[in-house]
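Here's the structure we're looking at; comments come further down.
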Amino acid sequence: MQIELAGAGWEPEWSQRSDAEILAGVSWKRGTSAELVQAARKGNIEAFVGELARGWKQPDEMIDPTCRALWTLPAINASPREQAMAAILSPDLPRTKGKPGPARPKSKSTEESVDSWWLQFQPVGLTPWEFLALLELLPNRISRLPVSTAFGIWRLLLQIACDQNQLLALDDKKPEKAEELERYGFQADPYLDLALFRNCELPWLSGVVFSSVKGSEKLRRHGADLLEHELVERTDDHGTPHAALLPRWSMWLAIYTRFVKTAMRHGLTPWDDDAAELFRTAVEKTAPLIQPDGRLTFSRVSLENSRPFIEEVLRTTGWPDAEAAIQSLLTFPKRTAKQNGSGRNITSAARRTPLEICLAPVNQSDESAWAVMRTHWGAHADRVVIEHDQPAQNIELMIQGQRILEGEWRSTLTINKKVIPVRGDWSCVCWQSDPDGDYLELQLTLPGVARIERQVLISRTRQFCILAESFAEMPDGEFTYHSRWPTCAGIAGTSNAKTREIRFEAGGVPIRCFPVALPDRHVFSTPGKFGTDLSCTTTVRGTGWYNPILLDWSPARRTAPAEWKALTVAEDRTAVKPGVASGYRLKLGSHQWLMYRSLIRTDEPRSVLGHQTRYETVIGSVEANGDITPLMLVE
């Protein structure tokens, strides 16, 4: 009987052998402790477990209280047995100090609880998550476990690990998909990270835990190589993860962070510098997606303790600015006056000044099909995230650290009583980021219907954002347009008595919203409706239309009277139709904006509000003397 890893595999009849026979059949690597090998050959279970504990070198002060296997538990439908193990491994609640009272019964230690779990369930087979949890737990706690339990766990883990085919065939608990797939209108594949976990991480960790057994290095290398391969395949040339990963990116980060932490703990170099750099880059690219509570934008899998998790992820990468990112991106629990040592109550750190970070807090990738636009690294930043790898385009908007929009940006055209969803193969046709702001333009062509562009502009300094949609090259005729932006729960607007302006608040931040393509006044005969749920409906005649929506949250303009109107656009001193080019002016007190869009290309300059331009898009500030100061120019 020759038991080794990544070899012939575990023979069924071996399961009937005694513990002593199993130990005698293990093939040990050269250099393995002579005392360990001798105890195994003699079948001395107690001595063998003692030598294992010495080899893993885990004195009490080195025991890691963090169970990183718990990070992956939300990705599966945990069985009662898995839930019982998770309850054992969860961090103990802190004891509160108070007046003396009746003595509380002493709670079981982790080791006592694991022993009880083992005796209660006597698991013959393990689920992938249980296998991970026990692989993590055994080297960390073996010296504290009863010998019979420690050896029983070791033997079962070895039985699974020695046969790679058996390891890959562990019974997955498939997550429920229906609710996941419906929420945002695009599909999140839960099997990508679960396959990564099962096919890559578990072989790697098995090779680490059973490093003294022959074949362990081969198994370890197999897992590490696959982890590197998957990271390369699922990122673009600059390290940006593909949009398909965003809904479960936290699960990917959990796997790779555990992988790196385990390698560091055991003094291993799991991959080369290029792979380590790619992992760090992938985390840096997605760092602007981190929300103040530690969650990630568009994530479908929420960890119970998101903030400590994301802190460990950032630190593990070796990113020089990791600590600055943690201090800037995250808010922290409120501290009481007693904790502060003063009579002053300090609230969360949402308003502190962001620390200096060498990277810009933005990212855009054509191949990965998502973009993040952010004013700064602080937790109270203004931010827009767009994901467009699926027919449905998804958007998240945060203002002053408060989430306003999250989900699918839904639009439809109704032509000849036929409803046509604005969905399809989106592509990025323009991206610009500079100190003034970030601009993204996406294009979709629906053959025989329209060429559609969506524009997003967020100002870095002036506290406003423009969400626009244009339709061009349509058959001449009448069509009905309907669009709705995905407001978050608790966001409810109120309409203005005189104009079509909508006002709403998020976390105490007042926001004004202006549908500048619709007439500003409430007049019964004028077309179009802008609802308090941020929905827009109107009927248009022609070959195209431009619909910019401006959101403003500047305290200086909070009470300024608003008025807006459509402008005449002229080419060669002749006014053009809105289906050719459109322009709008919005006035808020003393501040004015110009929004211009050319829907049909021309070599001749066009004029709007006295401004001559050949650009396709002009978004600018109208000065008091009538001059236009461009904020964004798109050729």
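Readers should treat all values here as calculations from the given coordinates under stated rules, not as data from a laboratory. Since this is a predicted model, take the numbers as computed values, not measurements. As a convention, Cβ positions derive from the backbone with ideal geometry for all residues, glycine included, and neighbour counts pool all protein chains shown.
Put the Cα centre of the range 207-273 next to the Cα centre of the range 531-556 and the gap is 46 Å. Packing order of peptides 617-623, 267-273, 156-162, highest average first: 156-162, 617-623, 267-273 (average count of other Cβ atoms within 10 Å over each peptide's residues). Average projection, convex hull of the Cα set of the range 560-635: 4.8 square nanometres. Between Ser27 and Asp225, the simple spin-label model (points 7 angstrom out along Cα→Cβ) gives 1.8 nm.
PRE reach from Ile415 (point 7 Å along Cα→Cβ): which of the range 516-543 fall under 12 Å by backbone N? Within reach of a label on Ile415, which here means backbone N under 12 Å from a point 7 Å along Cα→Cβ, the range 516-543 contributes 542-543.
Altogether, the Stokes-Einstein calculation at 10 °C and 1.306 mPa s, with the Kirkwood radius of the chain over Cα pairs as Rh, returns a diffusion coefficient of 57 µm²/s.
The mean sequence distance of close C-alpha pairs (under 8 Å, at least 6 residues apart), as a share of the length of the chain, puts its relative contact order at 7 percent.
Could you tell me which of rounded, prolate or oblate describes the range 206-368, using a ≥ b ≥ c as the square roots of the eigenvalues of the alpha-carbon gyration tensor, with rounded for a/c under 1.5 and, failing that, prolate when a/b is larger than b/c and oblate otherwise? The shape class here is prolate.
Packing here is the average count of other Cβ atoms within 10 Å per residue, and on that basis the peptides 407-413, 545-551, highest first, run 545-551, 407-413. A viscosity of 0.890 mPa s and a temperature of 25 °C, combined with the Kirkwood radius over Cα pairs in Stokes-Einstein, give a translational diffusion coefficient for the range 452-609 of 149 µm²/s. Normalising the Debye intensity of the range 221-277 to I(0), with uniform scatterers on Cα atoms only, and taking log10 at q = 0.17, 0.24 Å⁻¹ returns -0.57, -1.08. Exposure proxy for Asp520, Asp552: other Cβ atoms within 10 Å of each Cβ, ordered fewest to most, give Asp520, Asp552. Compared with the alpha-carbon gap, the fully stretched path from Met1 to Val147 is longer by 50.1 nm at 0.36 nm per residue.
Modelled spin labels at His522 and Asp425, positioned 7 Å past Cα toward Cβ, are 4.6 nm from each other.
A full extension of the chain between Asp434 and Met264 corresponds to an added length of 57.3 nm, given 0.36 nm per residue minus the alpha carbon distance. Full extension of the chain segment joining Ser607 with Lys42 gains 194.0 nm, where the gain is 0.36 nm per residue of separation less the Cα-Cα distance.
Taking the average, over residues, of other Cβ atoms within 10 Å as the packing measure, peptides 458-464, 18-24, 397-403, 599-605 rank 397-403, 458-464, 18-24, 599-605 from highest down. For the range 303-310, the Karplus equation 6.51 cos²θ - 1.76 cosθ + 1.60, evaluated at θ = phi - 60°, returns couplings of 7, 5, 10, 5, 5, x, 5, 5 Hz by residue, with Gly and Pro reported as x. Of the residues Thr353, Thr317, Thr537, the one with the fewest other Cβ atoms within 10 Å heads the list, and the complete ranking is Thr353, Thr537, Thr317. For the range 367-420, the convex hull spanned by the alpha carbon atoms encloses 95 Å³ per residue.
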